[in-house]
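Asker: Got a structure here, written out as structure tokens. Questions coming.
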Amino acid sequence: MMASVRSSFKHWGNDLIGLLFPNFCNACGIPLFQNEKIICTKCLYDLPFTDYHIHAENRVAKQLWGRLPLNAAMAMLYFRKGAKVQNLIHSLKYNSKTDVGIFLGNMLGERLKISPVYNDIDLIIPVPLHHKKLRLRGYNQSSYIAEGIAEKMDVLFDESVLIRAISTESQTKKSRYSRYENMKAVFKTNNAQSIIGKHILLVDDVITTGATLEACANALIENGASKVSIAALAFAE
């Protein structure tokens with residue numbers, strides 16, 4: 001009887017806390033129900049999944065063909081300006097909602113686990129930020145995505161192996177060639193011994209032209225990685 005009363009009181013207390021201090025959906029902004037986490041059920045259902053993890057010859061992979069020797073490349077969601085995926089990325093990247101990165105990383109990891117081209121990953125590495133930007137933001141959003149993937153794939157991730165040695169200017173308004181030129185020699189490896197002969201999964205938040213990922217992957221391959229695969233939360237069409 002007492003256990004039942006305590007359970008009812010706890011449930012009532014949680015409902016009251018939720019009413020006074022509601023958590024909001026990071027995609028649409030409405031209050032979450034008690035059993036919802038990070039994203040409301042409707043937004044979760046409406047997310048524009050690409051299913052690229054089961055289609056090796058997808059648009060992300062084709063965009064990088066001929067530019068570097070990749071094992072596989074994919075993105076989980078389509079990114080469109082003003083849409084819910086952009087809201088999620090914005091919450092993660094600029095509003096310190098690092099739990100969004102882990103949550104979406106978990107979702108991404110679950111998909112990679114069932115994809116045969118990603119079944120022999122040895123190490124997960126996030127695309128790094130320059131130390132000045134890292135100090136300003138306080139965290140690297142891609143590290144939280146990588147952490148979420150690692151949890152589901154049961155693979156180690158290491159954010160210290162790859163470093164951004166040069167701080168580059170904004171890539172937003174540059175052409176594809178200009179972005180590539182801007183990224184040359186930007187990334188270096190730290191403790192290259194840890195990647196020699198390994199299949200590396202390189203993780204980013206959003207893929208646009210792929211210039212940043214191309215530069216990162218080339219740095220890893222040049223320093224001994226046997227294979228590099230790419231996974232991102234979203235692909236900007």
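Asker: So what does residue 214 come to for accessible area, using a 1.4 Å probe and Å² rounded to 10?
Answerer: 10 Å²
Asker: For segment 116-163, with every protein chain kept in place, what is the accessible area per residue (1.4 Å probe, Å²)?
Answerer: Spelled out: the 1.4 Å probe surface of segment 116-163, per residue, equals 50 Å².
Asker: Now for a separate question. Distance from the Cα centre of segment 116-152 to that of segment 185-206, in angstrom?
Answerer: The distance from the Cα centre of segment 116-152 to that of segment 185-206 comes to 11 Å.
Asker: HN-Hα J couplings of segment 226-237 from phi, Karplus 6.51/-1.76/1.60, θ = phi - 60°, integer Hz, Gly and Pro as x?
Answerer: Calculated HN-Hα couplings, in order: 7, 8, 10, 10, 10, 9, 9, 5, 9, 10, 7, 5 Hz.
Asker: Just to compare against my own numbers: the Cα pair-distance distribution for segment 48-134, 5 Å bins, whole % per bin, please.
Answerer: That works out to 3, 12, 17, 23, 21, 16, 8, 1, in percent per bin.
Asker: Order 24, 187, 79, 49 by their accessible area, 1.4 angstrom probe, all chains in place, largest first.
Answerer: 24, 49, 79, 187
Asker: Whenever you get a sec, line up 143, 96 from highest to lowest accessible area (probe 1.4 Å, protein heavy atoms).
Answerer: Ranking 143, 96 by accessible area, largest first, yields 96, 143.
Asker: Going by amide H atoms built from the backbone, whose H comes under 5 Å of the H on residue 235, apart from near neighbours?
Answerer: For residue 235, whose amide H was placed from the backbone, the distant partners under 5 Å are 77, 78, 79, 207.
Asker: Taking the Cβ of residue 24 as the center, what net charge do the other residues with Cβ under 15 Å away carry, scoring Lys and Arg +1 and Asp and Glu -1?
Answerer: In short, +2.
Asker: Next question. Please arrange 156, 129, 136 by accessible surface area, largest first, computed with a 1.4 Å probe and ligands excluded.
Answerer: So, going from the largest accessible area down, we get 136, 156, 129.
Asker: Convert each backbone phi in segment 199-215 into a coupling constant with the Karplus relation 6.51 cos²θ - 1.76 cosθ + 1.60 (shift: θ = phi - 60°), then list the ³J(HN,Hα) values in order as whole Hz, x for Gly and Pro.
Answerer: Going residue by residue, I get 8, 9, 9, 9, 10, 9, 7, 10, 9, 10, 7, x, 4, 5, 5, 4, 5 Hz, with x marking Gly and Pro.
Asker: Which pairs in the list 42/81; 152/227; 81/198; 188/227; 62/97 are over 25 Å apart, alpha-carbon to alpha-carbon?
Answerer: Listed pairs above 25 Å: 81/198; 62/97.
Asker: Also, quick follow-up: Please list 3J(HN,Hα) in residue order for segment 153-163, calculated via the Karplus relation 6.51 cos²θ - 1.76 cosθ + 1.60 where θ = phi - 60°; whole Hz, with x for glycine and proline.
Answerer: 8, 6, 10, 5, 10, 9, 8, 9, 6, 9, 10
Asker: How about residue 37: which aspartates and glutamates have a C-alpha closer than 14 Å to its C-alpha, ignoring those fewer than 8 places off in the same chain?
Answerer: In chain and number order, the partners are 99.
Asker: Could you work out the local net charge near residue 122, counting Lys and Arg as +1, Asp and Glu as -1, over the other residues with Cβ closer than 11 Å to its Cβ?
Answerer: Net local charge, residue 122 excluded: 0.
Asker: Extending each Cα 7 Å along its Cβ direction at residue 156 and residue 119, get the distance between those two points in nm, one decimal.
Answerer: Spacing of the two 7 Å Cα→Cβ label points: 2.4 nm.
Asker: What FRET efficiency, computed as 1/(1 + (r/R0)^6) with R0 = 30 Å and r the Cβ-Cβ distance, is obtained for residue 167 and residue 86, rounded to the nearest 0.05?
Answerer: 0.75
Asker: Using a 1.4 Å probe and ignoring any ligands, DNA or RNA, find the accessible area of residue 167 and quote it in Å² to the nearest 10.
Answerer: Rounded to the nearest 10, that gives 70 Å².
Asker: Let me ask something additional. Once ligands and nucleic acids are excluded and a 1.4 Å probe is used, how much of residue 131 is accessible, expressed in Å² to the nearest 10?
Answerer: About 100 Å², ignoring ligands and nucleic acids.
The values are calculated or read from the model by the stated rules, or taken from the named source; none is laboratory data. Since we're looking at a predicted model, the values are computed, not measured. In this analysis, Cβ positions are derived from the backbone assuming ideal geometry, glycine residues included, and neighbour counts consider all displayed protein chains. Calculation scope for accessible area: heavy atoms of the full protein, side chains included, ligands and nucleic acids excluded. Shrake-Rupley method; radii C 1.70, N 1.55, O 1.52, S 1.80 Å.
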